[in-house]
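Chemist: Please read through the structure below; I'll follow up with questions.
We did not get these values from a lab; they are worked out from the coordinates using the rules stated. Keep in mind it's a predicted model, so treat the numbers as computed, not measured. Methodologically, a virtual Cβ is constructed for each residue, glycine included, from the backbone with ideal geometry; neighbour enumeration extends over all protein chains shown.
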Amino acid sequence: MKKLLSLLLIAVIILPCLSSCSVKYNSQNPETALTIEGREISYDLYRYFYMSYKTAEGNEDKSAEEIKQSALTSLKELVAIEKMAEKYDLELSDEALDLLKENMKQLRTVIYANEEEMIKELEKQFLSEQAYYDLCYHIDLEAVVSAYLCEEARVDKIVILGT
């Protein structure tokens, strides 16, 4: 989980988040690479995790199979976050989605001179626009799920202590 959070944090530091989840961005290959618990995982998202692990410092001696397993573990964690959000009926607020949209607009108009430059920078990090959006969306979704679970744990603890 720490590796996933580190990779996601790096993605957030590199560029601001992209816009809303219904939008499909430019992709090298938006086709489904695999399915995890009924969720389709794109080649782009799988490639990002695989290449991030492959090029990470300290992974030079790891086999392709070990790197693949690390990538799959990270993808399974993303799916687990989605499933927890569904279980507790959680989603990003309209304000959060609007903020993602605004960040995308700033990414295209303020940070980079044009869309082609932005895409080249994403590709250096093994990302397509869609894969980058997916990562940003999951970071925000994980924060919502974590906040909910922490609040529930706090409330449960207060109830137990109060009885």
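Chemist: Gain in length, residue 73 to residue 152, computed as 0.36 nm per residue apart minus the alpha-carbon separation, to one decimal in nm?
Modeler: 25.8 nm
Chemist: Which order do peptides 32-44, 87-99 fall in by mean Cβ count within 10 Å, highest first? Walk me through the intermediate numbers first.
Modeler: Numbers: 32-44: 14.3, 87-99: 12.7.
Highest mean packing first, the order is 32-44, 87-99.
Chemist: With a ≥ b ≥ c the root eigenvalues of the C-alpha gyration tensor of segment 54-105, is it rounded (a/c under 1.5), prolate (a/b larger than b/c) or oblate?
Modeler: oblate
Chemist: Right, here's the next one. Of the listed peptides 102-110, 120-128, what is their order by residue-averaged count of other C-beta atoms within 10 Å, with the highest listed first?
Modeler: Answer by packing, highest mean first, reads 120-128, 102-110.
Chemist: Show me, for segment 45-52, the HN-Hα J-couplings you get by feeding each phi into the Karplus relation (A = 6.51, B = -1.76, C = 1.60, θ = phi - 60°), rounded to Hz, glycine and proline as x.
Modeler: 5, 4, 4, 4, 5, 4, 5, 5
Chemist: What aspartates and glutamates could a cross-link reach from residue 68, if we take a straight Cα to Cα line under 18 Å and drop same-chain neighbours fewer than 8 places away?
Modeler: 37, 40, 44, 57, 60, 77
Chemist: Still on this structure, I have one more. What are the semi-axes of the equivalent ellipsoid of segment 32-144, taken as the square roots of 5 times the eigenvalues of the Cα gyration tensor, listed largest first and rounded to whole Å?
Modeler: 25, 22, 11
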